[in-house]
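Structure record follows, encoded as structure tokens.
The values are calculated or read from the model by the stated rules, or taken from the named source; none is laboratory data. Predicted, not measured: the structure shown is a model, and the values here were computed from it. When we count neighbours, we look across all protein chains shown, and the Cβ atoms used for this are built from the backbone with ideal geometry, even at glycine. Protein only, heavy atoms only, side chains kept; ligands, DNA and RNA dropped before computing areas. Shrake-Rupley method; radii C 1.70, N 1.55, O 1.52, S 1.80 Å.
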Amino acid sequence: ILTALIVCCDFDQNKISSTTTDLHRHATLTSLITELKLSGELQFDNLHHAAKDFGNRYHHLPAAVLHPKSVSDISSLISYIFQMGPTSGVTVAARGHGHSLEGQAQARHGVVVNMESLGQSHGMQFHIHGEKPFVDVSAGALWINILHESLKHGFAPKSWTDYLHLTVGGTLSNAGISGQAFRHGPQINNVYQLQVVTGTGQVVTCTEDMNSDLFYGVLGGLGQFGIITRAHISLEPAPKMVKWIRVLYSDFTTFTNDQEKLISLDSSFDYVEGFVIINRTGLLNNWRSSFKCKDPVQASRFFSNGKTVFCLEVAKYFKQEEAETIDQKVESLLSRLNYNESTLFVSEVSYVEFLDRVHVSELKLQEKGLWDVPHPWLNLLVPKSKIHKFASEVFGKILTDTSNGPILIYPVDKSRWNTKTSMVTPTEDIFYLVAFLSSAMPSSTGTDSLEYILSQNKRILEVCETANLETKQYLPHYNTQEEWKTHFGSQWEVFVRRKLTYDPLAILTPGQRIFQKGT
Ligand code: FAD
């Protein structure tokens with residue numbers, strides 16, 4: 001089994017089927033129908049939905065989709081496949097909201113488990129009176145629904161992603177990073193307990209102290225060691241409103257100095273992000289509809305054609321009773337920064353409007369048919385000491401405009417994080433998340449085509465390699481096991497050991513292309 005797992009294999013899933021494997025797989029699937037006693041449903045037709053994701057580049061059709069109604073549906077399915085042994089050829093992938101980028105939630109010829117159906121049949125239980133308030137949720141629940149339900153109790157989770165129409169299991173399998181992570185850590189640091197179905201079909205409850213190896217393994221574990229079925233998510237009293245602020249810089253060093261200052265303060269903004277704008281026009285007029293600008297004429301002059309400009313985006317949360325003092329607090333924080341003074345854009349929105357901000361763009365893009373296009377995204381974690389070299393090589397050189405989508409850039413400090421999870425980060429404590437969130441136009445052959453954007457991504461990765469920038473990919477994607485080994489570095493051995501312990505036949509999550517099921 002060990003050899004089957006760690007042998008470097010050809011990851012093109014189209015090439016790995018053999019006649020014998022096909023026969024075994026067919027036999028296993030046929031017997032699944034007759035022998036599995038499920039409260040949910042196993043679906044064998046109209047499966048195209050399970051072969052699609054947000055990336056819209058990989059489409060591997062499964063043989064079946066399980067719509068579980070209980071944890072025991074998932075555990076029975078996996079136990080059954082496990083007992084068929086290594087030759088069954090059947091793999092299983094949990095699918096959250098399917099917002100992966102490269103087929104990570106797909107299982108060619110295998111079984112996809114639709115986690116949202118578990119989310120629908122299992123409610124949320126709130127425990128808000130103790131010292132550590134939390135909500136006990138199904139891993140198939142969407143974060144947006146957790147937000148709405150928590151607010152009814154006056155509470156909310158602490159750490160978010162920029163977009164909330166993602167499942168708990170999907171983001172906990174990666175990390176869940178956003179502008180709150182500098183203070184609270186990523187979402188994987190804000191979980192008290194998990195229920196997991198391992199690759200042998202065992203249902204295990206785990207915490208920092210109980211079955212901790214599985215607990216930390218599964219968090220950021222790319223779905224390799226088990227399917228998360230429930231999670232206890234830490235909560236805090238919820239604010240009502242948000243001061244949401246954008247300011248501009250022409251100088252990268254001043255911009256990053258201010259970002260780093262903000263993430264080091266004890267009393268700072270509640271959210272710190274930023275983005276790069278290269279050669280764009282018209283943006284500021286868009287912002288002006290929701291953001292009030294102190295000096296629109298000067299701001300437009302500052303933001304003139306062809307320039308590379310850096311935008312710091314921050315937010316301060318407040319409750320009704322703090323409304324009178326909030327402006328003063330914000331002004332005091334802003335007075336410590338060195339942005340261009342005429343470019344202060346301020347907006348006041350509800351907490352929900354702020355957190356669900358990307359959904360507004362989603363609806364607009366959907367209307368124009370531009371949401372379901374291919375998304376060749378690239379997410380990198382760049383050490384603080386290398387961010388200037390990175391910026392000088394990439395912004396304005398490899399990327400000469402940002403018209404294909406936003407580029408986020410903001411620092412986090414992992415010295416405040418729990419680093420026992422499977423998530424891989426650069427070794428330096430402070431590193432930047434740089435996210436190239438491109439959309440490709442399907443029939444284009446120009447600079448907004450899939451091929452062009454992919455070649456740009458490749459050049460960015462090559463610069464990281466040749467200039468020795470010690471970056472790590474976030475939401476990683478590789479084609480060979482050698483590359484995965486390099487990605488994990490000193491964590492690789494632990495990762496392989498956990499795979500052998502919790503999913504020895506490599507049944508789970510083949511779409512990450514790390515291990516291949518033993519044959
Ligand atoms: P899926 O795509 O369904 O699954 C992701 C992976 O996790 C797959 O390998 C799947 O098999 C596995 N998986 C799913 N559920 C489970 C489970 N219950 N147990 C075990 N494994 C499971 N990420 C950030 O960190 N910060 C952001 O701000 C952010 N913004 C985003 C904005 C948009 C518009 C999009 C599309 C993505 C964004 N992401 C962000 C990335 C996102 O967090 C990941 O792609 C996440 O995995 C998507 O969740 P999902 O529910 O769609 O998961």
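What the table shows:
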quantity	calculated
Inter-residue pairs, beta-carbon under 7 Å, first more than 15 Å from Tyr216 (Cβ to Cβ) and away from the ligand (no atom under 16 Å from the Cβ) and in the stretch 492-519, second at pLDDT 95 or above and of a type outside the set (A, V, I, L, M, F, W, C), 6+ apart	Trp492/Lys485; Pro504/Gly199; Leu505/Gly199
Out of Glu313, Glu324, Glu331, Glu236, sole residue that is on the phi < 0 side of the Ramachandran plot and touching an Asp or Glu at 6+ places or on another chain (Cβ under 6 Å)	Glu313
Enumeration of residues in the stretch 49-98 that are open to solvent by 20 Å² or more (accessible area, probe 1.4 Å), part of a loop (DSSP other than H, G, I, E, B) and away from the ligand (no atom under 11 Å from the Cβ)	Arg57, Tyr58, His59, His60, Leu61, Ala63, Lys69, Ser70, Met84
Long-range neighbours under 8 Å by Cβ, at least six apart or interchain, first residue under 9 Å from Ser439 (Cβ atoms) within the stretch 365-386, second in a helix (DSSP H, G or I) and β-branched (Val, Ile, Thr)	Pro376/Ile453
Enumeration of residues in the stretch 150-172 that are part of a loop (DSSP other than H, G, I, E, B) and within 8 Å of the ligand (Cβ to nearest atom)	Trp160, Thr161, Asp162, Tyr163, His165, Leu166
Members of the stretch 304-321 found to be open to solvent by 20 Å² or more (accessible area, probe 1.4 Å) and outside any helix (DSSP H, G or I), listed by number	Ser304, Asn305, Gly306, Lys307, Thr308, Lys316, Tyr317, Lys319
Test: residue in the stretch 115-133 that is within 13 Å of the ligand (Cβ to nearest atom), in contact with a strand residue (DSSP E or B) (Cβ under 6 Å, 6 or more places away or on another chain) and of a type in the set (S, T, N, Q)	yes
Residue list for the stretch 357-389, restricted to those being in contact with an Asp or Glu (Cβ under 7 Å, 6 or more places away or on another chain), of a type outside the set (Gly, Ala, Ser) and more than 27 Å from Glu451 (Cβ to Cβ)	Pro383, Lys384, Lys386
Test: residue in the stretch 187-207 that is closer than 21 Å to Thr509 by Cβ, within 10 Å of the chain's Cα centre (by Cα) and more than 7 Å from the ligand (Cβ to nearest atom)	yes
Pick from the stretch 4-59, criterion closer than 18 Å to Lys517 by Cα and of a type in the set (D, E, K, R), ranking: modelled with the highest pLDDT	Arg25
Inter-residue pairs, beta-carbon under 7 Å, first on the phi > 0 side of the Ramachandran plot and in the stretch 172-190, second of a type in the set (S, T, N, Q) and more than 8 Å from the ligand (Cβ to nearest atom), 6+ apart	Gly176/Ser159; Gly185/Ser159; Gly185/Asn418
